[in-house]
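First comes the structure, then the notes that go with it.
The values are calculated or read from the model by the stated rules, or taken from the named source; none is laboratory data. Keep in mind the model is a prediction, meaning the values are calculated, not measured. With ideal geometry, Cβ positions are generated from the backbone for all residues, glycine too; neighbour counts draw on all protein chains shown. SASA here: full protein model, heavy atoms, side chains in, ligands and nucleic acids out. Shrake-Rupley method; radii C 1.70, N 1.55, O 1.52, S 1.80 Å.
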Amino acid sequence: TVKEVTLIKTEIKFKRWILPIYGDMKINKVSTKNAQKIVNQWAKETDQYRVLHSSASRIFKYAINLGIIESNPLSNVMMPSRAKEKVKDETIKVYTRDQLKALFDYVNHCPATYTDDYNKTLLRFLVYSGCRISEALALDWADIDFQEGAISINKTLSDVNRGVKVTAPKTEKSIGVLPMDAKTMAVLKRWQVNQKIYMLETGVTNPTKPFCDIDKTLITHNTFYLRMKKISKNAGIPFLGNHVTRHTHASLLLDAGANMKEVQERLRHSSITVTMDIYGHLSKETKKNTVEKFVNHLSM
């Protein structure tokens with residue numbers, strides 16, 4: 001009843017945490033005392049102990065439905081409080097204008113190869129659209145409307161047991177049409193032509209995806225991660241992960257004067273609360289800079 005990527009994550013939880021402890025127990029022999037000891041131990045080892053307990057509890061609820069047991073011993077467990085660890089710095093990291101310039105200066109001066117032209121086009125698209133990398137890698141050329149200057153986001157690249165596959169987005173809110181600037185659309189149009197030329201030289205024809213490999217196979221998130229790591233190093237800027245282009249897009253929107261509602265709609269968050277939680281501090285910094293600009297301009 002869930003997406004394959006959720007199934008994979010659930011299987012990992014069971015194999016790593018739940019089955020090593022519960023796996024050899026008879027379900028009708030498990031007591032609340034057993035379960036309490038188990039969740040107490042989990043609380044010492046992982047901050048996911050509540051999720052693990054909930055996942056295990058669902059097995060017992062299913063056993064009740066099957067008539068194997070009459071009550072769920074895990075429902076009477078008292079959830080322990082975990083000692084609070086030092087809070088990590090959760091500040092969203094973005095590229096500065098100078099770092100972004102260094103990034104594009106580097107990729108724009110790379111030799112004309114399929115991989116280098118691909119990287120240049122994809123990075124331009126990500127920074128100027130704010131798309132998630134999984135959404136960009138799932139795009140079809142048919143999703144790009146050159147006449148209207150817009151991109152339809154309606155799918156994503158998901159992890160599955162045997163690699164990756166294109167699936168529907170996790171939420172309906174993720175689906176949308178993004179207006180794009182003329183220069184980015186021109187870059188995509190040029191790439192559409194060059195991609196066909198590169199592929200034709202290897203005997204491959206009719207590419208349907210802008211961001212696939214030269215043999216038309218899907219490129220994974222991990223491949224992009226490794227490329228970004230190498231590109232960042234060569235460009236002389238810090239490597240800030242796969243989501244830095246999306247965060248930078250949001251930062252630039254706020255710098256340009258967009259309000260939080262506009263950022264939410266552009267990034268297609270499920271609610272403005274999500275946007276505020278992630279980018280609220282950027283909004284505060286932007287407002288502070290606005291005041292400083294005003295004072296410096298007045299010069300009194």
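Among residues that are in a loop (DSSP other than H, G, I, E, B), modelled with pLDDT under 95 and in contact with an Asp or Glu (Cβ under 9 Å, 6 or more places away or on another chain), residue 24 is not included. For the range 256-275, taking the residues that are open to solvent by 70 Å² or more (accessible area, probe 1.4 Å), farther than 18 Å from residue 132 by Cα and assigned to a helix (DSSP H, G or I), the one that is modelled with the lowest pLDDT is identified as 273.
Criterion applied to 70, 90 was being at pLDDT 90 or above and of a type in the set (D, E, K, R), and the one residue passing it is 70. Scanning the range 242-277 for residues that are on the phi < 0 side of the Ramachandran plot, under 19 Å from the mean Cα position of the chain (by Cα) and of a type in the set (Lys, Arg) gives 246, 266. Only one entry in 66, 19, 52 is out of contact with any Phe, Trp or Tyr (no Cβ under 6 Å at 6 or more places or on another chain) and either open to solvent by less than 60 Å² (accessible area, probe 1.4 Å) or within 29 Å of residue 159 (Cβ to Cβ) (or both), namely 19. Residue under question is residue 13, and the condition is that it be loosely packed, with under 11 Cβ neighbours inside 10 Å and of a type in the set (Lys, Arg); does it hold? Judged against the criteria, residue 13 is not a match. Among the residues making up the range 142-153, a single one is within 14 Å of residue 191 (Cα to Cα) and surrounded by 15 or more Cβ atoms within 10 Å (Cβ to Cβ): 144. Scan the range 203-241 for residues that are under 14 Å from the mean Cα position of the chain (by Cα), open to solvent by 30 Å² or more (accessible area, probe 1.4 Å) and within 25 Å of residue 105 (Cβ to Cβ) and the total you get is 2. Mind listing just one residue for me: the one in the range 155-168 that is assigned to a loop (DSSP other than H, G, I, E, B) and modelled with pLDDT of 85 or more and, of those, nearest to residue 263 (Cα to Cα)? Once the filter is applied, the top-ranked residue is 155.
Yes/no per residue for (1) of a type outside the set (Val, Ile, Thr); (2) part of a helix (DSSP H, G or I); (3) within 30 Å of residue 276 (Cβ to Cβ):
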{"site": "17", "(1), (2), (3)": "yes, yes, no"}
{"site": "28", "(1), (2), (3)": "yes, yes, no"}
{"site": "33", "(1), (2), (3)": "yes, yes, no"}
{"site": "38", "(1), (2), (3)": "no, yes, no"}
{"site": "54", "(1), (2), (3)": "yes, yes, yes"}
{"site": "69", "(1), (2), (3)": "no, no, no"}
{"site": "98", "(1), (2), (3)": "yes, yes, yes"}
{"site": "106", "(1), (2), (3)": "yes, yes, no"}
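Listed by first and then second residue, the pairs with beta-carbon distance under 9 Å, at least 6 apart or on different chains, first residue in the range 73-98 and more than 27 Å from residue 39 (Cα to Cα), second modelled with pLDDT of 70 or more and open to solvent by 100 Å² or more (accessible area, probe 1.4 Å), are 92/243. Scanning the range 169-183 for residues that are open to solvent by less than 30 Å² (accessible area, probe 1.4 Å), part of a loop (DSSP other than H, G, I, E, B) and closer than 21 Å to residue 274 by Cα yields a single hit, 169.
Would it be correct to say that residue 125 is more than 20 Å from residue 217 (Cβ to Cβ) and at pLDDT 95 or above? Considered against the rule, which asks whether it is more than 20 Å from residue 217 (Cβ to Cβ) and at pLDDT 95 or above, residue 125 comes out as no.
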